Amino acid sequence: MNRFHEFPPGMPLPDAPPVFPSPFAALPHPLARCAALDLQQRLRRDYHGLETGEGKMFGVLVVVTQRHRIGYLAGFSGMLGGQWAQPGFVPPIFSVTARSAFLDPGEQALKTLNRRLRELRNAPELGALMQQREQIRATAEAEIAQCRMQHQERRQRRHRERKSVVMLENAAEREVQLAVLARQSQQDKQRKKQLKQHWDRQLADVAAELDTRQQEITTLEQARKALSNDLQQQVFDGYILKNALGETQPLRMFYPEGSVPGGAGDCAGSKLIHYAVSREMKPLAMAEFWWGKPPSAGVRHHGQFYPACRGKCRPILPFMLRGVDLEPEPKPFLLAPDAALDVIYQDDDLLLINKPTGLLSVPGKEVEDAVQTRLRKMFPHATGPLLVHRLDLATSGLLLVALRSEIHKALQQQFMQRRVEKRYVAILDGVPQGAEGVIDLPLRVDLGDRPRQVVCRQYGKKAVTRWRVLSRERGRVRIYFFPETGRTHQLRVHAAHPEGLNAPIVGDELYGRAAATRMMLHAEQLGFMHPVSREWRMFTVAAPF
């Protein structure tokens, strides 16, 4: 356990919280923040290069021992310096010795299988056989095509001869000639059949040899998959989670069968809590922060605090914190259900509303109140999905609504064809380089931490944003965004990502820092062609910040 060595002299420690703050809160408790700043001083002193090297999530857990001593535990996610354990940090949940006993020989066996598979796949004989098969196929197709052409020519000739033969007066001679022509037709069919059989035999001989070699490859692939699954299962079996009540559960029990995410149980938070409750320490508060370079795909900033991840930690932390007085998980700020929608334009076909921050566009799993829910009550006879597009919960601004299915379809076509003009205004927590530009970073959902999005050039969907700075003041900028695509969290990721503007939107809890008021992003302007009047319409609602 660590003491608060680096806490400013003469300044009292913040009071301990009456209950353990939710690990999913965007901002840490001041006591946990003090511990985190203390750890960061130690990282600068004892781990040179971490700040500029590959980033990692670190965590602190403030605890009280049975002897009523207060201090904090330190932990890191995954490995640090290629090691699972480092002095001054809590160890992993599993036994490193027990894992090495089966994993080291298992990984060696996997390497042997992979080496043998590479040898078989790259064998010159396999390549020669595949080339021979293609040559046989090409030759067979050419000869059969030539045979087919010759038969067609002979068939046409026989057709002409048959017309002459049927005109013969001598019936006997006519029958003989027709029989000759019929025999020629049969002979052509037989030759074609024999030719096909010949090449089929040639292909079958090569295919048999290829099949033998492929079967060996398939058998090794199956053995590799079985060994890999077995090793993975043994790895998961090493994680036995414990809570303050003394209850234990294997890690895999908290995830649907076969879907334990990689790294589950290795996050700093889960390691810290497991260590504390296993030694009968009382957890008081926890904080996790990123240290080092941001990851290439996601958005993490050096020295910034983050809540526990949803994909790996949310299923297990509630169990691990049983027996601890726990603060409820924070809910997002929601607008009062009785607040009226601000309709800025309406006709018989469509309307535009100025969505306030804190109101969902469509109902969520736990929240029914949303723009769509209210619109259904306001327009009970409207048809179709109503909302033509969506805005995030924390984003305010213009939302386009269609009152009939055909109007909805026509407006969505304009969005899909990028004929709608959109302008957002935002305040960024940082000063990007340049005055304007274009960001082109493809996005997909972070499977381990929904609803966060990550940059992914392999599987991500194209996402393009134009931007222009309006003003700069005190380390912040007011900026216009012109999204050319409409991906989930597109503007938020493009603002915060190091390959974007590297300056998150003020108040963005997911990709930046939480704020006491709201996220500073507003859909300010929307232009489109009215589906009925065919007039170009442009609407603007100034940002409330």
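The values are calculated or read from the model by the stated rules, or taken from the named source; none is laboratory data. All values reported here derive from a predicted model rather than from experimental measurement. Cβ placement follows ideal geometry from the backbone for every residue including glycine, while neighbour counts extend to all protein chains displayed.
Suppose we keep only residues that are assigned to a helix (DSSP H, G or I) and free of Cβ contacts under 8 Å to residues at least 60 places away in the same chain within the stretch 85-111. Which one would you say is nearest to Leu220 (Cα to Cα)? It comes out as Lys111. The number of residues in the stretch 116-130 that are touching a residue at least 60 places away in the same chain (Cβ under 8 Å) and not in a helix (DSSP H, G or I) comes to 1.
Residues that are of a type outside the set (Ser, Thr, Tyr) and in contact with a helix residue (DSSP H, G or I) (Cβ under 8 Å, 6 or more places away or on another chain) within the stretch 480-518 comprise Phe481, Pro483, Gly486, Gly500, Leu501, Asn502, Ala503, Pro504, Ile505, Asp508, Leu510, Gly512, listed in sequence order.
Within the stretch 47-84, the residues that satisfy the criterion of being in a strand (DSSP E or B) and of a type in the set (D, E, K, R) are Glu54, Lys56. Just so you know, in the stretch 130-149 the residues that are of a type in the set (A, V, I, L, M) and within 26 Å of Ser185 (Cα to Cα) include one that is surrounded by the most Cβ atoms within 10 Å (Cβ to Cβ), and it is Ala140. Taken as a whole, the condition of being at pLDDT 95 or above, in contact with a Ser or Thr (Cβ under 8 Å, 6 or more places away or on another chain) and not assigned by TED's automatic domain parsing to the domain that holds Arg300 does not apply to Leu103. Regarding Thr373, is this residue more than 20 Å from Tyr480 (Cα to Cα), assigned by TED's automatic domain parsing to the domain that holds Arg492, touching a helix residue (DSSP H, G or I) at 6+ places or on another chain (Cβ under 7 Å) and not in a strand (DSSP E or B)? No; evaluated as a whole, the condition is false for this residue. Identification of strands (runs of 3 or more DSSP E) wholly contained in the stretch 432-545 with 2 or more residues that are among the acidic types (Asp, Glu) yields 436-440. For the stretch 359-369, taking the residues that are crowded, with 16+ Cβ neighbours inside 10 Å and under 24 Å from Gly527 (Cα atoms), the one that is farthest from the chain's Cα centre (by Cα) is identified as Leu359. For Glu509, the requirement of being farther than 27 Å from Leu403 by Cβ and of a type in the set (D, E, K, R) is met.
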